[in-house]
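The values are calculated or read from the model by the stated rules, or taken from the named source; none is laboratory data. Treat the numbers as computed from the prediction; the structure is a model and nothing was measured. Here the Cβ positions follow ideal geometry from the backbone for every residue, glycine too, while neighbour counts run over all protein chains shown.
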Amino acid sequence: MARAIWSGSISFGLLNVPVKLYSAVARRGISLREIRESDSARIRHRRVAEGTDEEVPYEKIIKAFEISKDRYVPITKDELASLDPKKTRAIEVQDFVDITEIDPIYFDSPYYLGPAAGAERAYSLLAQAMESSGKVAIARFVFRNKEHLAAIRPGDGVLTLTTMRFADEVVPPSELDDVLPSEQPKVPKREVQMAEQLIDSLTNSFDPSAYRDEYREELLAMIERKAAGEDVVVAPEGEEREATKAPDLMAALEESIAAVKGKGEDKAAKKKPATKKRSTTAKKAAPKKRSTARAKSKSSK
């Protein structure tokens, strides 16, 4: 059974909807330990004062901001606590906006919102109203001692909450002056059309289950083989792909489109024999049915 990690209420206007927050993702990372290669002794990290081997107890450590080399402004735990956002239990809606207006770069961590006991009707009302309007709510709330900006979205009668980055946390493209070209190079219309054709030929409906964490799967398989005593041969690193040069863009686009078409024709060719096989089987089955019928008629005579 899912366990709530936070409880409060969605608040906008005079409406308050008690809700509970649930994690919407399950991290599938593989935890690796650090050991000494010679005898597999576990490695432990200690907090030591720089320039000495003296271990410093956790309660003796404070935070500090470095204003220049070796110059710090110390900040005590009490001073930090005085700045903590007020621990309210409200998800305060600020605005309703169109989802298309939000650049995905602002989204961070997703959660599910479920109704608290007795709030099922109000929850369903809010979910249905938001789904009908096609809007998402932009809200603020305090979670784990930090104020968050969040987007609340409806879908199939369920509300999801996704924490968001504040505007000053997103690096604007203008700060990439030394990376991005100062002027957009001119691209021939024919090349644009070919690129669009390639995109169209590779366009599919999004199916999340079609994409797997292949690195994690391969790492788990390697761990299982090593645990079973098998030797693991390290594969050579793949060659780095070179960028397609400007004069070769058209040729690369044409070859890519031809390759995609070829794959499509192969799939179609594989399907056709199966259809013929079924029709042949059906034809063979029909005479058997008639012969059985004849046999029955003979026996009856």
- [ ] Kindly check whether there is at least one residue in the stretch 198-208 that is acidic (Asp, Glu), under 19 Å from Lys263 (Cβ atoms) and assigned to a loop (DSSP other than H, G, I, E, B).
- [x] yes
TODO: Determine if the stretch 149-172 includes at least one residue that is touching a residue at least 24 places away in the same chain (Cβ under 8 Å), in the same structural domain as Leu15 (by TED's automatic domain parsing), in contact with a Lys or Arg (Cβ under 9 Å, 6 or more places away or on another chain) and outside any strand (DSSP E or B).
DONE: no
Task: Counted residues, the stretch 182-223 - those being surrounded by 10 or more Cβ atoms within 10 Å (Cβ to Cβ) and among the acidic types (Asp, Glu) - done: 6
TODO: Provide a single number: the residues in the stretch 155-167 that are surrounded by 13 or more Cβ atoms within 10 Å (Cβ to Cβ) and either charged (D, E, K, R) or touching a Ser or Thr at 6+ places or on another chain (Cβ under 8 Å) (or both).
DONE: 3
- [ ] Pick out, from the stretch 1-97, the strands (runs of 3 or more DSSP E) lying fully within it that include 3 or more residues that are surrounded by fewer than 12 Cβ atoms within 10 Å (Cβ to Cβ) and without any contact (Cβ under 8 Å) to a residue 60 or more places away in the chain.
- [x] 63-68, 71-75
Task: Hits in the stretch 17-69 (condition: under 30 Å from Ala117 (Cβ atoms), modelled with pLDDT of 90 or more and of a type outside the set (Val, Ile, Thr)) - done: Pro18, Lys20, Leu21, Tyr22, Ser23, Ala24
TODO: Kindly establish whether Glu92 is in the same structural domain as Ala150 (by TED's automatic domain parsing) and modelled with pLDDT of 90 or more.
DONE: yes
- [ ] Could you tell me whether Val192 is under 30 Å from Glu255 (Cβ atoms) and at pLDDT below 85?
- [x] no
- [ ] Only residues that are in contact with a strand residue (DSSP E or B) (Cβ under 6 Å, 6 or more places away or on another chain) and of a type in the set (Lys, Arg): list them for the stretch 116-152, please.
- [x] Lys135, Arg140
TODO: Look at the stretch 53-65 and say how many of its residues are of a type outside the set (A, V, I, L, M, F, W, C), within 20 Å of Ile75 (Cα to Cα) and over 34 Å from the mean Cα position of the chain (by Cα).
DONE: 4
Open item on the list: Among the residues of the stretch 108-120, are any under 20 Å from Val158 (Cβ atoms), without any contact (Cβ under 8 Å) to a residue 60 or more places away in the chain, assigned by TED's automatic domain parsing to the domain that holds Val17 and not hydrophobic (A, V, I, L, M, F, W, C)?
Closed with: yes
Open item on the list: I'd like to know if the stretch 134-147 contains one or more residues that are assigned to a helix (DSSP H, G or I) and at pLDDT below 95.
Closed with: no
Task: the stretch 14-52, residues that are assigned by TED's automatic domain parsing to the domain that holds Ala151 and more than 33 Å from the chain's Cα centre (by Cα) - done: Leu14
